[in-house]
Amino acid sequence: MNGGNQSRIMRPVEVNRVHEDSLVQELRPPVPEDQVDVSGLIRALWRRKWMIFASTLACALVFLLLTSSRTSLYTTNSTLMLDARQQQILTSREQVVSDLQLNNAILDSEVAVLRSGALLRRVVDQIGIDRFDGIDPALREPSMLAKLIWKVQSALSSPETTVSEEAPLVSPEQRRMNRIVAALRSGIYIGRQGDSYVMDVSVTTPDPELSALVANGIANTYIDMQVGERKRVAESATEWLTQQVQDRGKEVADAEAAVEQYKQEQLENVGASLEVIEQQLAELNQQLASTRSAKATEQARLQQLEAMVVSQGAMAAAETQSSEYLMSLRASRDDLLREDARLATTFGPSHPDRRKIASDLSGIDQSISREVENIAQGYRNGIEVLEGSEASLQQDVAELEQRLSGLAASSLQLRQLEREADAKRETYQELLARLGETRAQAEIQRAEAKLVNEALIPLGPSAPRPMLMTAFGATLGLTVSLIVALLLELVSAGFRSGAELARATNLPVLATLPRTKLRRPRNVLRLFEKDPHSQLAERVRQLRTLLRTGTPMDGEGRSLLLMSSVPNEGKTTCAIALADFYARSGVSTILLDLDTRRGLLSRELEVEGGELGEHLGGAKGLEEVIAKPDSLRFHVLGLGQRGDMWADSLSERQIAAIIQRLKQSYDMVIVDAPPVLAVSDGLSIAMVADDLLYLVRWKKTKRSAVTQGLATLKSLGIEPSGLVLSMADVDSIGESYAYK
């Protein structure tokens, strides 16, 4: 950083100072960039407390005056519930007017109906229009604001577009009704209770009794309108169905008459009706089927009997028959066989008794054979009879089918007539049943809504509420003033805290010097004498301690340069304060004023001599131009009143030589240099100084100025030892001793 001494080895005191700075930075808690300094904002608001208080009080008074001048309003509520339950009395058919299927869209529609002009007009007519004179805008004295608005509108409107009150388009009674309905609608609120089917009807008017009348009138009129509309629709449907039943009844009678007439004509032509012929044909077919079945049965029996006779003989065939005669012959034969078997045990075959039994058995066998044959012949005779019957029935069926086919062509038209008659009869019966149900429904119609709570006359006004509105005004004023105060705090061009300055520059902020009410820089010395432990004094001690530039170990003093971006940063005051405190601590100190543009330090401190210009001109030696007043603890050396004449001739080499000679005589050389951005002289001084302290005025120095000034120094390879935030309200920002 040092100009001519940049290549020298760092001395132990510098190592110690760097070590201490690093230690301070390590012990200091980090400040996140995105963290909001809440305490700082609170302190900033506290500084503007009177502005905030005045704004809050003003808004509260305005709202109090506005609410106090308004007419008292009274609000009351009636409660309606839309009933989603369906009461089905006639369940065979659908209702003429179906029940509401409640959903959000339906409920919103019902709310619109409750606020409709038609309903409100009915309410006004029921209550009496004269009862609403209190809310008729035409009968009230307009406010000053209303008069002003009317005048502006009249001025902006062309005469052609202005409608006269005498215009015949709307009658005076209708205009009066429209005004009252509009006034009522502005004070009506219809709302649901949560997600339920319950709706609140809220009415606000200047008359408490009128509010209750209107709220109950809206609810009752809405219910009456629902019932009336449903009845009207049902009665219209009944009238239409009655006419339809009459028309369809006549059509049914005509269709049935046409069917009967056609049947009579058919009977006269054919001799029998189609139904009779079809019935006869069905009976003959049934008889024919029965005959054929009996014939098949007899044939099967005959075949079975003949087959058994052939295969097993007449005796075996006789056993399958149920004839009583055969049964008696088989019983007799069995008895003879048992008797022969008994005699066979005693006598031989030639015994007369056994020969007689054999003769009897032969006769019985012959009788059985003959009987079996007779049975077979009976089957044959029956089959012949059945075949004759079958042939006769077939002939009769053929004759009837021939007659029926003759009637088929004429029956097509008859069936068409019958179908038409049936269809008309069915339609007639449906219409007749529907007519009965519709007549019943017209008598039992009900509304989908019912009145849950009637509106009561309010006991007190609901608006205006002076205390509430005053509190609201105070809250509004407080909120706006807080926002304004915060915006004023946030939009300031400078740095509001040392932490913010440290983050922006990446340099340590060694101290934050509080602002004082000193009119001149020299008054700081009087402040220190009067109050050596003042806030400013303590911060200067802090700065001196952090700089760690005490008596050097190698016997040579050090130079400390104070610079800033622009003038009026408190640089001169800080230089005087540091010089005084270094001198107080026993360090020989000289304050060197090298501000070639505004070098008035000697006159500011009221010292004689101390004009470096005489030395530069060769008139006096350096020691001779140093001012050593008894009133100060430090010495002073300045350029004098004509310091600007040396601005261009004073070289870096001369400055380095002067500072080097002063360092040989003093432990601390404090240099007050001109602003970096104002003039270029300070850059030459910065090149030869040991340490550089850069001052930034709290909330005043623009960020761009600080950034540009530090960038200018950095372009020359110079980096300040630290920054000082000057003229700060430290109580409002709560600064620490150092920041990085």
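Simple rule: put +1 on each Lys or Arg Cβ and -1 on each Asp or Glu Cβ in segment 199-338, find the dipole, and look at 218, 242, 315; the Cα lying farthest toward the positive end is 315.
Extension gain for residue 362 to residue 312 (0.36 nm times residue separation, less C-alpha to C-alpha distance): 16.3 nm.
Normalised per residue, the accessible area of segment 280-435 is 62 Å², obtained with a 1.4 Å probe and no contribution from ligands, DNA or RNA. A Förster radius of 56 Å combined with the Cβ-Cβ distance from residue 283 to residue 240 puts the calculated FRET efficiency at roughly 0.65. Annotation: lysines with alpha-carbon distance below 28 angstrom to residue 702 (same-chain offsets under eight excluded): 49, 517, 571, 714, 740. Site pair residue 527 and residue 395 shows an inter-label distance of 15.5 nm when each label is modelled 7 Å from Cα along Cα→Cβ. Across the protein chains, with a 1.4 Å probe defining accessible surface, the residues 528, 53, 347 rank 53, 347, 528 from largest area downward. Here's the list of lysines a cross-link from residue 450 could span, going by alpha-carbon distance under 22 Å and ignoring same-chain residues fewer than 8 apart: 231. In the assembled protein chains, residue 338 presents an accessible area of approximately 140 Å² (probe radius 1.4 Å). Spacing of the modelled spin labels on residue 588 and residue 487, each 7 Å from Cα toward Cβ, amounts to 6.0 nm. Projected label points at residue 72 and residue 118, each 7 Å from Cα along the beta carbon direction, are separated by 3.9 nanometres. Residues 428, 694, 262, sorted by accessible area with the largest first, give 428, 262, 694 [1.4 Å probe; ligands and nucleic acids excluded].
If only the Cβ of Lys and Arg carry +1 and only the Cβ of Asp and Glu carry -1, the dipole of segment 308-382 around its Cα centre is close to 140 debye.
You can think of it this way: the chain between residue 253 and residue 519 has 83.4 nm of extra reach, that is 0.36 nm per residue less the Cα-Cα gap.
Cross-link partners for residue 424 among the lysines, with Cα-Cα distance under 17 Å and sequence neighbours closer than 8 places in the same chain left out: 250.
The values are calculated or read from the model by the stated rules, or taken from the named source; none is laboratory data. In this text the structure is predicted, and so the values were computed from the model without any measurement. Cβ atoms come from the backbone with ideal geometry, glycine included; neighbour counts cover every protein chain shown. The accessibility values were calculated without ligands, DNA or RNA, using every heavy atom of the protein model including side chains. Shrake-Rupley method; radii C 1.70, N 1.55, O 1.52, S 1.80 Å.
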